[in-house]
Amino acid sequence: MSFYENTLELIEKAAKLMKLESNIKAVLTSPNRILEISIPVKMDDGNVKIFRGFRVQHSDIAGPYKGGIRYHEEVNMEEVKALATLMSFKCAVVGIPLGGGKGGIIVNPKKLSETELEKLTRGYTQRIAPFIGPEIDVPAPDVNTNEKIMAWIADEYSKVRQKNTIGVVTGKPLTFGGSMGRDKATAQGGFFILDALAQEHGLEPGKTRVVIQGFGNAGANAANILDKHGYNVIAVSDSKGGILCEKGVHPIKAQECKLQKGSLHACTIPDSKYEYHVSKDATCTKISNEELLELDCDVLILSALENQITKKNASKIKAKYILELANGPVDDAADTILEKAGVIIIPDILANAGGVTVSYFELVQNQMNYYWPKEEVEERLKAIMQQAWKHVRKRQEEHGCSMRMAAFIQAISRLSELMKVRGTI
Ligand code: GLU
């Protein structure tokens with residue numbers, strides 16, 4: 001089953017549980033607009049290379065389309081459709097006035113020079129410029145995109161429009177209309193959700209062993225935040241593999257080392273020159289990504305890509321709780337196996353909604369041209385995440401279902417409300 005089929009299956013299941021009108025389901029399973037574009041880039045060697053890109057605008061019933069742009073070799077239209085759909089649901093779970101969209105370019109950005117990457121980004125922006133804008137569709141960072149890329153998009157779009165329009169993207173640098181706390185927002189929001197769960201389940205940070213898959217923006221920041229709150233982060237991984245440090249990973253050192261040496265695997269041997277003791281007792285072992293997922297731990301945080309836990313490995317998972325900081329990391333077949341085994345999954349559209357929530361704050365600040373201090377952003381994020389947690393838990397009790405289904409029901413209820421008010425149905 002593809003990621004998009006899986007997403008449609010989740011909507012189908014939630015629709016049954018809540019006895020949803022078929023008209024509403026039909027609207028929710030049909031993205032409003034799908035763009036496929038070609039971007040010619042003159043490479044450093046003088047050759048022209050054509051890149052393929054996408055932007056899917058799923059729903060703007062709740063507000064302008066909102067969602068990241070992913071740069072990855074395996075990006076495809078079906079994936080972007082799934083991600084755009086999840087964005088509409090995610091914004092609805094946290095109750096922010098934004099719709100759902102997503103974009104992507106088929107590229108491995110690590111293989112491009114900085115100049116080529118900038119040309120590609122500006123080319124993509126020109127192609128989608130007629131369809132985006134602060135009140136139309138607002139992209140943001142996602143896998144392999146960052147604040148530098150967002151700044152290029154804002155700059156290019158402003159040139160196309162002949163006026164400063166920085167609210168066209170979020171996740172910008174602080175000096176160029178970014179919001180305090182946006183860089184850590186996905187992880188920070190996930191932490192507030194995990195904290196609410198910990199309180200309900202009596203989890204004590206010091207006795208809670210955490211494993212994190214993915215060491216990009218979400219994973220690395222999550223490792224750092226959890227470590228600061230006394231959780232025992234015993235293993236982390238990036239696309240090349242993982243490291244297991246029984247006495248705990250040193251997140252900041254691991255980040256510094258990965259930056260210097262290119263991978264976490266290269267960081268297992270203490271390096272006296274840089275003092276990269278990425279483990280708290282200077283002992284670490286290399287493990288594969290598969291081994292990492294199957295480690296004996298309390299909380300498994302998935303912050304890499306979709307379809308990481310499927311029917312192939314679901315029965316081997318030993319974690320008691322799974323926090324989905326990535327989008328779609330556990331598929332529907334795995335959900336069923338894990339649920340039977342008593343594993344509690346905190347679904348993506350709740351767990352990782354902190355990112356888009358602070359993106360919303362960034363938009364609001366851009367519109368006011370007045371910027372909040374870090375503490376204010378964090379307080380507002382906390383309030384929204386805690387409220388979303390309560391709403392989802394309430395739905396779960398009402399329907400006696402998984403947290404994923406409860407989050408879908410919460411989202412669909414809000415979107416249905418809006419469709420009725422707006423006269424769509
Ligand atoms: N790419 C992030 C996500 O999947 C953030 C989207 C945004 O901030 O618009 O939620």
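Key figures for this structure:
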| quantity | calculated |
| --- | --- |
| Near pairs, Cβ below 6 angstrom, 6+ apart or cross-chain, from the stretch 349-376 (farther than 26 Å from G214 by Cβ and polar (S, T, N, Q)) to any residue that is in a helix (DSSP H, G or I) and more than 9 Å from the ligand (Cβ to nearest atom) | N366/I166; N366/G167 |
| Check on A198, free of Cβ contacts under 8 Å to residues at least 24 places away in the same chain, outside any loop (DSSP other than H, G, I, E, B), open to solvent by less than 10 Å² (accessible area, probe 1.4 Å) and more than 25 Å from M150 (Cβ to Cβ) | yes |
| Given (1) in contact with a strand residue (DSSP E or B) (Cβ under 6 Å, 6 or more places away or on another chain); (2) not in a helix (DSSP H, G or I), number of the condition A334 does not satisfy | (2) |
| Matching entry among E306, E290 (being among the acidic types (D, E) and surrounded by 20 or more Cβ atoms within 10 Å (Cβ to Cβ)) | E306 |
| Selected residue (criterion: nearest to A353 (Cα to Cα)) from residues of the stretch 309-326 that are buried (at least 24 other Cβ atoms within 10 Å of the Cβ) and touching a Gly at 6+ places or on another chain (Cβ under 9 Å) | L325 |
| Pair list, Cβ < 8 Å and 6+ apart or interchain, from the stretch 69-80 residues that are of a type in the set (D, E, K, R) to residues that are within 16 Å of the ligand (Cβ to nearest atom) and in a helix (DSSP H, G or I) | R70/V80; R70/L83; E78/F3; E78/Y4; E79/F3; E79/Y4 |
| Hits in the stretch 74-108 - residues which are part of a loop (DSSP other than H, G, I, E, B), under 20 Å from P329 (Cα atoms) and within 14 Å of the ligand (Cβ to nearest atom) | V75 |
| Test: residue in the stretch 201-208 that is over 19 Å from the mean Cα position of the chain (by Cα), at pLDDT 95 or above, part of a helix (DSSP H, G or I) and within 19 Å of E378 (Cβ to Cβ) | yes |
| Hits in the stretch 337-355 - residues which are part of a helix (DSSP H, G or I) and buried (at least 24 other Cβ atoms within 10 Å of the Cβ) | D348, I349, L350, A351, G354, G355 |
| Extreme residue, farthest from the ligand (Cβ to nearest atom), among residues of the stretch 145-169 that are open to solvent by 60 Å² or more (accessible area, probe 1.4 Å) and part of a loop (DSSP other than H, G, I, E, B) | Q162 |
| Flag for A82 being within 16 Å of the chain's Cα centre (by Cα) and within 25 Å of T125 (Cα to Cα) | yes |
| Some residue of the stretch 116-133 being surrounded by 22 or more Cβ atoms within 10 Å (Cβ to Cβ), in contact with a helix residue (DSSP H, G or I) (Cβ under 8 Å, 6 or more places away or on another chain) and small (G, A, S) | no |
| Given (1) within 16 Å of the ligand (Cβ to nearest atom); (2) in contact with a helix residue (DSSP H, G or I) (Cβ under 7 Å, 6 or more places away or on another chain), index of the condition W389 fails | (1) |
| Close pairs (8 angstrom Cβ cut-off, 6 or more residues apart or separate chains): within 14 Å of R52 (Cα to Cα) in the stretch 120-146, within 15 Å of the ligand (Cβ to nearest atom) and basic (K, R) anywhere | I128/R55 |
| Subset tally (residues that are surrounded by fewer than 23 Cβ atoms within 10 Å (Cβ to Cβ) and within 11 Å of V93 (Cα to Cα)) for the stretch 367-388 | 2 |
| Residue satisfying all of: in the stretch 54-73; of a type in the set (G, A, S) and within 19 Å of the chain's Cα centre (by Cα); nearest to the ligand (Cβ to nearest atom) among these | G68 |
| Members of the stretch 274-287 found to be in a loop (DSSP other than H, G, I, E, B), surrounded by fewer than 16 Cβ atoms within 10 Å (Cβ to Cβ) and hydroxyl-bearing (S, T, Y), listed by number | Y274, T283 |
| Test: residue in the stretch 116-128 that is at positive phi and within 15 Å of the ligand (Cβ to nearest atom) | no |
| Condition check for G178: touching a residue at least 60 places away in the same chain (Cβ under 8 Å) and either of a type outside the set (G, A, S) or open to solvent by 10 Å² or more (accessible area, probe 1.4 Å) (or both) | no |
| Candidates V421, V364 - the one that is within 14 Å of the ligand (Cβ to nearest atom), over 29 Å from E78 (Cα atoms) and open to solvent by 20 Å² or more (accessible area, probe 1.4 Å) | V364 |
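The values are calculated or read from the model by the stated rules, or taken from the named source; none is laboratory data. No experiment lies behind these values; they were computed from the predicted model shown. A quick note on method: Cβ atoms are made from the backbone with ideal geometry, for glycine too, and the neighbour counts reach across all protein chains shown. To get the accessible areas, we keep the full protein, side chains included, count just its heavy atoms, and leave off ligands, DNA and RNA. Shrake-Rupley method; radii C 1.70, N 1.55, O 1.52, S 1.80 Å.
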